[in-house]
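Encoded as structure tokens, the structure appears first; notes follow it.
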Amino acid sequence: MLTTVLLMQLAAGEVPLEVREQARVRGGIHFAVTGAVSGHAVGFGPGLSAELGATFADRFSAVVRGTVGTIRVSTVATIGLGLDYAFSDRWSLGIQPSIGLVGGLFYGAGDLPLSLAIFAPVRLVFAPLTRPGDQVVRRGLVIFLEAGPGFGLVMGSGFRRPSVGPSPFSLEAAIGVGYAVW
């Protein structure tokens, strides 16, 4: 009976639910604008965000995600493990505990403050196009917004500021657009 139903769905051009629920690779690359503050270290700038992981049961995903944004003297760089849930083919929500560097990282920024921080942003993703019935994976344009609190672990003071201890409050945010397969 199940075989007959599967054959009827395939003949109608639809992928059976059992096939969509199998584990599969997930990945994406996005242009992003990111910013963060941790103690007296501030970082922001345009950059890239990339992810690689797996989707399970067509709804749950675990991904390693990294984001870098810089204007040379001010940088935000984060890497973390994202856990996402897809509410539909268009909307998903996730949390991404990550570690990041905030502040002056590159040449010419040595006199600016720098912070190593742990962040826990929430990421909302919108895909304008839905998946056709004959495709197993979702793919295409995605737009994301993420924001969340953090905790500064180590603070470098730069040349012009005195050293300070850990920052009890840090904040990170990013917005981006790109291509993903999930």
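Values for this structure:
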{"item": "Share of carbon and sulfur in the accessible heavy-atom surface of segment 43-182 [1.4 Å probe, %]", "result": "75"}
{"item": "Qualifying trypsin sites (Lys or Arg not before Pro) in segment 31-108, DSSP loop, other Cβ atoms within 10 Å at most 13", "result": "72"}
{"item": "Assigned charges on the beta-carbon of Lys, Arg, Asp, Glu; the chain dipole about Cα centre (debye)", "result": "340"}
{"item": "Whole-number percent relative contact order across the chain, with pairs defined as alpha carbons under 8 Å at least 6 apart", "result": "22"}
{"item": "Hydrodynamic radius by Kirkwood, which averages 1/r over all alpha carbon pairs of the chain, in angstrom", "result": "17.6"}
{"item": "Spin-label model distance (nm) - residue 62 vs residue 126, 7 Å beyond Cα toward Cβ", "result": "3.1"}
{"item": "Leading residue at positive end of dipole, segment 25-152 (Cβ point charges), from 80, 124, 100", "result": "124"}
{"item": "Residue-normalised accessible area of the chain, given per residue in Å² at a 1.4 Å probe", "result": "52"}
{"item": "Value of Rg/Rh across segment 27-103 [Cα atoms, Kirkwood radius]", "result": "1.05"}
{"item": "Segments 94-103, 25-34 sorted - mean Cβ within 10 Å per residue, highest first", "result": "94-103, 25-34"}
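The values are calculated or read from the model by the stated rules, or taken from the named source; none is laboratory data. Because the structure is a prediction, the values reported are computed rather than measured. In this analysis, Cβ positions are derived from the backbone assuming ideal geometry, glycine residues included, and neighbour counts consider all displayed protein chains. Ligands, DNA and RNA are stripped out before the accessible areas are found, and what is left, the full protein with its side chains, is counted by its heavy atoms. Shrake-Rupley method; radii C 1.70, N 1.55, O 1.52, S 1.80 Å.
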